[in-house]
Amino acid sequence: MNASDAPVPGIAWQSVLHPAGPDAAIILQLTWILFIGGAVLFVAVMALCAVSLRRGSAGRPKIKPMVWLLGGGVLLPLVLLSALLVFGTWRSVQLTQPSSQHAVKIAVIGHMWWWEVRYSHPGGREDVVLANEIRLPVGQPVYLGLSSADVIHSFWAPALAGKVDMIPGRVHGMTLQADRAGVYRAQCAEYCGEQHARMALHIVAQPPEQFRAWLMAQAQPAKAPSSAEVAHGRRAFVAQRCSACHTVRGVTDPAAAASTVRAADIGAPDLTHFGSRLYLGAGARPNNRANLAAWIADPHIAKPGVRMPASTDMDPATLTALAAYLESLQ
Ligand code: CUA
């Protein structure tokens, strides 16, 4: 997927060359300075080398070998590399330190091959769980606690910050900030198996009041069906045992509220507000009804090796109703 697929025109959404966060800006500046410094050093040493090979009228080198060796081989690199080291260290310590004191705290857990995203206690309530999409208030730092449920993954949103590895059994902290509203693409940056390349996550930076309204909506249980087709889809969701792996908060009837389907431990994305997401299958396809129906019928076409089984025996009407139901979960 490339920049032209960006849902928000005019934003280079996955590019280190177009930073939209304070850390990405520092990293880009460091990259350019180190690249230019290295290039200057290379050209200067090569030029000195060429000069030293020139012979005078008596056949002797124009520059004494010792002068060129000490000048081009020791003095010049020492001065330039030391300057780059001092500059690099000075800028590196200005990178944002992770702090769990920020108002918004998000746990991001890597799975093969998707991202579990948990907003910790918004408004004092229980965690809000979603998948493959992070929303944050623009211009405000948020805390990410990064870990993994299986193998090593790595979190990388090139336009916002550097990479942080996600290691099973550990939590690595990270501060993330987007200075411009928009959608940014993050990508798993540590090879983690067959679908490593299709392990994408989208970061939506919104004005703070929009973000708060979105988070409060995500904290609500799933909407009741608004049409006969959607109700058919919800019955199919339970009958087809989708709920054995996927959580939809409030999907059971009120009398059985205590047994509200909770299946995240099995390792499949929470679908309570699936319809509000931009993509399905961790960035595999844009989220619309046709893509969704095709995905449910056989997710291995879009993402070979994905752990969700195919439902090729499902009749077309049920498939469409199921897709309509999931789409309705805004
Ligand atoms: Cu997860 Cu690569």
Practice task
Considering every residue within the stretch 154-177, establish whether at least one is within 13 Å of the ligand (Cβ to nearest atom), on the phi > 0 side of the Ramachandran plot and either touching a residue at least 40 places away in the same chain (Cβ under 8 Å) or assigned to a loop (DSSP other than H, G, I, E, B) (or both).
Solution key: no
Problem - Boolean, ARG185 is of a type outside the set (A, V, I, L, M, F, W, C) and either part of a helix (DSSP H, G or I) or out of contact with any Phe, Trp or Tyr (no Cβ under 9 Å at 6 or more places or on another chain) (or both) - result: no
Fill in the blank from the handout: Note on SER92: of the conditions (1) surrounded by fewer than 14 Cβ atoms within 10 Å (Cβ to Cβ); (2) without any contact (Cβ under 8 Å) to a residue 24 or more places away in the chain, unmet is (2)
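Run down ARG180, ARG118, ARG135 and say which single residue is away from the ligand (no atom under 16 Å from the Cβ), in contact with a helix residue (DSSP H, G or I) (Cβ under 8 Å, 6 or more places away or on another chain) and of a type in the set (D, E, K, R).
Numbers: ARG180 fails: in contact with a helix residue (DSSP H, G or I) (Cβ under 8 Å, 6 or more places away or on another chain); ARG118 fails: in contact with a helix residue (DSSP H, G or I) (Cβ under 8 Å, 6 or more places away or on another chain).
Just a single option satisfies the conditions, and that option is ARG135.
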Completion exercise
ILE301 fails exactly one of (1) among the β-branched types (Val, Ile, Thr); (2) under 28 Å from ASP150 (Cα atoms); (3) open to solvent by less than 60 Å² (accessible area, probe 1.4 Å), namely (3)
Exercise for the section: Might you check whether a residue that is open to solvent by less than 30 Å² (accessible area, probe 1.4 Å), in contact with an Asp or Glu (Cβ under 7 Å, 6 or more places away or on another chain), within 16 Å of the ligand (Cβ to nearest atom) and outside the structural domain of GLY305 (by TED's automatic domain parsing) occurs anywhere in the stretch 202-224? Expected result: yes
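The values are calculated or read from the model by the stated rules, or taken from the named source; none is laboratory data. Model, not experiment: these values are computed from the prediction. Counting neighbours? That spans all protein chains shown, and the Cβs are built from the backbone with ideal geometry, glycine included. Each accessible area value is taken on the protein alone, full model and side chains, heavy atoms only, with ligands, DNA and RNA left out. Shrake-Rupley method; radii C 1.70, N 1.55, O 1.52, S 1.80 Å.
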